[in-house]
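Data first, discussion second: the structure below is written as structure tokens.
The values are calculated or read from the model by the stated rules, or taken from the named source; none is laboratory data. Computed from a prediction, not measured in an experiment: that's the story for all the values here. Using ideal geometry, Cβ is built from the backbone for each residue, glycine included, and neighbour counts are taken over all protein chains shown. Side chains are part of the model used for accessible areas, which takes the heavy atoms of the whole protein and leaves out ligands, DNA and RNA. Shrake-Rupley method; radii C 1.70, N 1.55, O 1.52, S 1.80 Å.
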Amino acid sequence: MSFLKIYILLTGIMITWGLNVSVIKILVAHTQPVTITSLRIFTASLIVIIILFFFGLIRLPKKSELFYVFGGALLSVVFHHYFLAEGLTKTSASNAGLILGMGPILTVILTMIFFRKKPTLIKLLGFICGSLGVSFTVMAGSGGIHSINLGDVDILLSILSQALSFILINKASKTMDPRLLTGYMMLIGSFILFAISLWKEPEGLSSLATAPPSIWGAFFFSAIFATALGHMSYNYAIGKVGAAESSIFLNLNTLFSLLGAAVFLNEALVPAHFIGLIFIVSGVLLGSGAIEIWILQRKNKRLSA
């Protein structure tokens, strides 16, 4: 698959992920968050496994790959989805979408740490812009600089866990198809989340019986398109173009999250949200190296002219 097709694929994933923030917000408002999340991811894992079975990609992981399978299950599924579901019960979908936009910056930072790459001045400026963007977002959701919205903290932990999982997936892709890794991670992670829900939400299963029928439409949209197809395709892209390069597209997730929250949840977008968005997107462009690549291409064109 060419890079252009992968970039188009990533853009489509970001649309579903951005809208999915509002969908999850609706789900956790009518059910117990960890219980519905474990069921959603288990459903997604079955869909991924069925798809891979028809493509003939199912195999047992090697011993050397078990670390990536279980590590990815904890980071990408348990921690990421647990903190996302918990955070959305305490903060707005708008705030969540903006904080999730920190994913590219965090992924680039972690890539530099694990691969011992020093950031350039432009990338360092990008990290500062991204941090300012999150600060504006947190202040918008908490009502002021002196109070902290714990939901925003949960969302930040959620995206940090996901960024760490991207590093593992990038390394695992050298020997294991990222789509197969996705299926194993989701299956294992869903069982761990369900065990947590039995302890934390003893009435979680009974809450599903009282959920309105319309909720299940949102549930299957999230499970099939955002979780199963979305994560399987995104992890495939990581294996093809790299963790940092794929993470650049997460800033589109931020944009579609804000639009989804405004359209479907009627959430007000205050000026601080737009300031945060500008800083986060600027941070992505600077911190990911996209600006440096553009400058280098301009120089090469002038030299070849």
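Odds and ends about this structure:
- Note on the stretch 51-70: residues that are assigned to a loop (DSSP other than H, G, I, E, B) and either open to solvent by 60 Å² or more (accessible area, probe 1.4 Å) or on the phi > 0 side of the Ramachandran plot (or both) total 6.
- Failed criterion for TRP216 (all others in (1) under 18 Å from the mean Cα position of the chain (by Cα); (2) open to solvent by 50 Å² or more (accessible area, probe 1.4 Å) hold): (1)
- Matching residues, the stretch 219-242, being open to solvent by less than 60 Å² (accessible area, probe 1.4 Å) and more than 14 Å from THR43 (Cα to Cα): SER233, TYR234, ASN235, TYR236, ALA237, ILE238, GLY239, VAL241, GLY242
- Test: residue in the stretch 22-38 that is touching a Ser or Thr at 6+ places or on another chain (Cβ under 6 Å), open to solvent by 30 Å² or more (accessible area, probe 1.4 Å), outside any loop (DSSP other than H, G, I, E, B) and closer than 18 Å to ALA226 by Cβ: no
- In the set (1) open to solvent by less than 10 Å² (accessible area, probe 1.4 Å); (2) in contact with a Leu (Cβ under 8 Å, 6 or more places away or on another chain); (3) under 24 Å from LEU193 (Cβ atoms), GLY101 fails one condition alone, (3).
- Cβ-Cβ distances below 7 Å connect the following pairs, each with a first residue in the stretch 25-41 that is more than 23 Å from LEU258 (Cβ to Cβ), a second residue that is among the charged types (D, E, K, R) and assigned to a helix (DSSP H, G or I), and a separation of six or more residues or different chains: VAL34/LYS200.
- Enumeration of residues in the stretch 269-305 that are free of Cβ contacts under 8 Å to residues at least 12 places away in the same chain and either within 17 Å of LEU121 (Cα to Cα) or not in a helix (DSSP H, G or I) (or both): ILE293, TRP294, ILE295, LEU296, ALA305
- Criterion violated by LEU269 - all others in (1) farther than 18 Å from LEU88 by Cα; (2) modelled with pLDDT under 80; (3) surrounded by fewer than 23 Cβ atoms within 10 Å (Cβ to Cβ) satisfied: (1)
- Sole exception among (1) open to solvent by less than 40 Å² (accessible area, probe 1.4 Å); (2) under 20 Å from LEU110 (Cα atoms); (3) modelled with pLDDT of 75 or more for ILE291, by number: (1)
- Residues that are within 20 Å of PHE83 (Cα to Cα), assigned to a helix (DSSP H, G or I) and open to solvent by less than 20 Å² (accessible area, probe 1.4 Å), drawn from the stretch 178-205: THR182, MET185, MET186, GLY189, SER190, LEU193, SER197, GLY204
- Residues in the stretch 246-266 that are over 27 Å from TYR236 (Cβ atoms) and not in a loop (DSSP other than H, G, I, E, B) were compared, and the one that is most open to solvent (accessible area, probe 1.4 Å) is PHE264.
- Scope the stretch 73-94; condition within 13 Å of the chain's Cα centre (by Cα), open to solvent by less than 10 Å² (accessible area, probe 1.4 Å) and more than 16 Å from ALA226 (Cα to Cα); matching residues: VAL78
- Scanning the stretch 168-177 for residues that are part of a helix (DSSP H, G or I) and surrounded by fewer than 21 Cβ atoms within 10 Å (Cβ to Cβ) yields a single hit, LYS171.
- Residues of the stretch 206-242 that turn out to be in contact (Cβ under 8 Å) with a residue 60 or more places away in the chain, more than 22 Å from VAL21 (Cα to Cα) and part of a helix (DSSP H, G or I), as a count: 3
- Hey, SER45 over 19 Å from SER257 (Cα atoms) and not in a loop (DSSP other than H, G, I, E, B) or not: yes
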